[in-house]
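To keep things clear, I will list the structure first and then write my remarks on it.
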Amino acid sequence: MRRYLLFVSQLYAYAILRPLAAAAAARGDDVAWFFEHAADARFLRAGERRLASVAEVRTWRPDAVFVPGNWVPHFFPGLKVEVFHGFSVGKRSESRGHFRIRGSFDLYCTHGPDTTAPFEALAREHGHFRVVETGWPKLDPLFAGQYRPAARARPIVLFASTFTESITAARLLRETIARLGASGEWEWLLTLHPKMAPDIVAAYRALEGPHVRFVETDDILALYAQADVLLSDTSSVVPEFLVQGKPVVTLRNRKPGPQLLDVQQPGEVEAALRTALARPAALMQAIQAYADQVHPARDGRASERVLDATEAAIEAGRAGLRRRPLNLWRRLQARKRLGYWSIG
């Protein structure tokens, strides 16, 4: 039996780590949660175990720590496993974002060829971590068929937007969505990032009506399953929706491609949505090709592959790997973030 620690520094980690926790429990392994911010523990469910202090973690001695974020305390025992908070969507340069190596992890569990190849190149360059393509645990419930969309009379459009002011479409599309929602031709689901500006949230909540529903949820996969098309921007939800084989319309996406119907002006959105709902062959072929690159495994078993890769890495130890860099400044920052100064 292994002991696995799930490290949460942002609320989005719940949706990523819970499928992993379920797969570990099914194998008879022991699972516990640790929260950088104690307040986030309020979303734990009955039966989910919390370790409330660094001392408890060190006493419990996990065999591995699973991390959706970009940092993990070096003083936690166990293999450090990066499972990622999302796909690479081009919000930041590669040197600052998705492919930045911080010297914190022993194992990177990648989603598909478009991330596996760059990380394998980085592994050869740095030499102190392993890379295994597993798929993403967050999507397991979606691909395993745990969500069954209800029958509907009209197509459903999901609108989701990033909170980053420089790239969000929320301020630009509010009036367009209000007009299209009032027409009743389509049903609308509206959801916004938890960090979205309060005035934008209020403006979209005010759109609720017979054909428009504003949704606050920690389970966006259920919305993906219901919707026929997504309207968004340069949000991390875009690739998550595309891997279902469903079309996406974006406004001024920073990394457009043939898999998207990207427009530059709000006035172009309606026509793009109509095209998306018609599902033209060329678009659907481009979506399939994209999905095969970012997340080809759509069997709902990514969590099991992560656990297999972790077990193999534990058994291998540091054999064949260089020593991880000391990164004294990051280590000091980690101690400060958790208020842990003990040497033992």
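Which number in (1) surrounded by fewer than 21 Cβ atoms within 10 Å (Cβ to Cβ); (2) among the small types (G, A, S); (3) under 20 Å from H111 (Cβ atoms) marks the one condition that A39 misses?
Only one criterion is unmet by A39, namely (3).
What strands (runs of 3 or more DSSP E) lie completely within segment 54-153 and have 3 or more residues being hydrophobic (A, V, I, L, M, F, W, C), in the same structural domain as R331 (by TED's automatic domain parsing) and farther than 30 Å from L189 by Cβ?
Of the strands (runs of 3 or more DSSP E) lying wholly inside segment 54-153, those with at least 3 residues that are hydrophobic (A, V, I, L, M, F, W, C), in the same structural domain as R331 (by TED's automatic domain parsing) and farther than 30 Å from L189 by Cβ span 64-67.
Being among the basic types (K, R) and part of a loop (DSSP other than H, G, I, E, B): is that true of R45 here?
Values: among the basic types (K, R): yes; part of a loop (DSSP other than H, G, I, E, B): yes.
The answer is yes for R45.
What's the total number of residues in segment 178-199 that are assigned to a loop (DSSP other than H, G, I, E, B) and more than 15 Å from P210 (Cβ to Cβ)?
Of the residues in that region, 5 qualify.
Return only the number of the condition from (1) assigned to a loop (DSSP other than H, G, I, E, B); (2) at pLDDT 95 or above that A32 does not satisfy.
(1)
Which one of these does V306 not meet: (1) under 30 Å from P62 (Cα atoms); (2) at pLDDT 95 or above; (3) out of contact with any Ser or Thr (no Cβ under 9 Å at 6 or more places or on another chain)?
(3)
Condition check: closer than 22 Å to D233 by Cβ and not polar (S, T, N, Q). Does R152 satisfy that? So that I can check it myself, show each step before the final result.
Numbers: closer than 22 Å to D233 by Cβ: no; not polar (S, T, N, Q): yes.
Considered against the rule, which asks whether it is closer than 22 Å to D233 by Cβ and not polar (S, T, N, Q), R152 comes out as no.
Taking the stated definitions as given, is E175 modelled with pLDDT of 95 or more, touching a helix residue (DSSP H, G or I) at 6+ places or on another chain (Cβ under 9 Å) and either assigned to a loop (DSSP other than H, G, I, E, B) or surrounded by fewer than 16 Cβ atoms within 10 Å (Cβ to Cβ) (or both)? Please lay out each step first, then the result.
Values: modelled with pLDDT of 95 or more: yes; touching a helix residue (DSSP H, G or I) at 6+ places or on another chain (Cβ under 9 Å): yes; either assigned to a loop (DSSP other than H, G, I, E, B) or surrounded by fewer than 16 Cβ atoms within 10 Å (Cβ to Cβ) (or both): yes.
Against the criterion (modelled with pLDDT of 95 or more, touching a helix residue (DSSP H, G or I) at 6+ places or on another chain (Cβ under 9 Å) and either assigned to a loop (DSSP other than H, G, I, E, B) or surrounded by fewer than 16 Cβ atoms within 10 Å (Cβ to Cβ) (or both)), E175 qualifies.
Considering only segment 282-289, I want to know if a residue exists there that is among the β-branched types (V, I, T) and either under 30 Å from G103 (Cβ atoms) or touching a His at 6+ places or on another chain (Cβ under 8 Å) (or both). Please lay out each step first, then the result.
Start the filter on segment 282-289 by keeping residues that are among the β-branched types (V, I, T), which leaves 287.
Cutting the leftovers down to either under 30 Å from G103 (Cβ atoms) or touching a His at 6+ places or on another chain (Cβ under 8 Å) (or both) gives us none.
No.
Could you figure out which of (1) of a type outside the set (S, T, N, Q); (2) touching a residue at least 24 places away in the same chain (Cβ under 8 Å); (3) over 23 Å from G145 (Cα atoms) isn't true of A271?
(2)
Quick grid of which residues meet (1) over 20 Å from A309 (Cβ atoms); (2) at pLDDT below 95; (3) of a type in the set (S, T, Y):
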{"position": "R49", "(1), (2), (3)": "yes, no, no"}
{"position": "V65", "(1), (2), (3)": "no, no, no"}
{"position": "G69", "(1), (2), (3)": "no, yes, no"}
{"position": "G86", "(1), (2), (3)": "no, yes, no"}
{"position": "R92", "(1), (2), (3)": "yes, yes, no"}
{"position": "R100", "(1), (2), (3)": "yes, yes, no"}
{"position": "H111", "(1), (2), (3)": "no, no, no"}
{"position": "L122", "(1), (2), (3)": "no, no, no"}
{"position": "H128", "(1), (2), (3)": "no, no, no"}
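Output the residue which, of all residues in segment 206-239 that are in contact (Cβ under 8 Å) with a residue 24 or more places away in the chain, small (G, A, S) and part of a loop (DSSP other than H, G, I, E, B), is surrounded by the most Cβ atoms within 10 Å (Cβ to Cβ). So that I can check it myself, show each step before the final result.
Residues of segment 206-239 that are in contact (Cβ under 8 Å) with a residue 24 or more places away in the chain, as a first pass: 207, 209-239.
Filter once more, so that each one left must be small (G, A, S): 209, 222, 225, 227, 232, 235-236.
Among the residues that remain, those that are also part of a loop (DSSP other than H, G, I, E, B) are: 227, 235-236.
Working: A227: 22, S235: 26, S236: 17.
So, considering only residues that are in contact (Cβ under 8 Å) with a residue 24 or more places away in the chain, small (G, A, S) and part of a loop (DSSP other than H, G, I, E, B), the one surrounded by the most Cβ atoms within 10 Å (Cβ to Cβ) is S235.
Before we move on, is A150 modelled with pLDDT of 95 or more and of a type outside the set (V, I, T)?
On the way: modelled with pLDDT of 95 or more: no; of a type outside the set (V, I, T): yes.
The answer is no for A150.
Out of all the residues in segment 320-329, is one or more closer than 25 Å to T116 by Cα, assigned to a helix (DSSP H, G or I) and more than 22 Å from the chain's Cα centre (by Cα)?
No - not one qualifying residue is present in segment 320-329.
Could you please find all residues in segment 240-252 being part of a loop (DSSP other than H, G, I, E, B), buried (at least 23 other Cβ atoms within 10 Å of the Cβ) and not β-branched (V, I, T)?
Taking segment 240-252 and keeping what is part of a loop (DSSP other than H, G, I, E, B), we get 243-247, 252.
Okay, now just the ones that are also buried (at least 23 other Cβ atoms within 10 Å of the Cβ), so 243, 247.
Once the filter is applied, which keeps residues that are part of a loop (DSSP other than H, G, I, E, B), buried (at least 23 other Cβ atoms within 10 Å of the Cβ) and not β-branched (V, I, T), segment 240-252 yields only P247.
The values are calculated or read from the model by the stated rules, or taken from the named source; none is laboratory data. These numbers come from a predicted model, not from an experiment. Note that we place each Cβ from the backbone using ideal geometry, even for glycine, and neighbour counts take in every protein chain shown.
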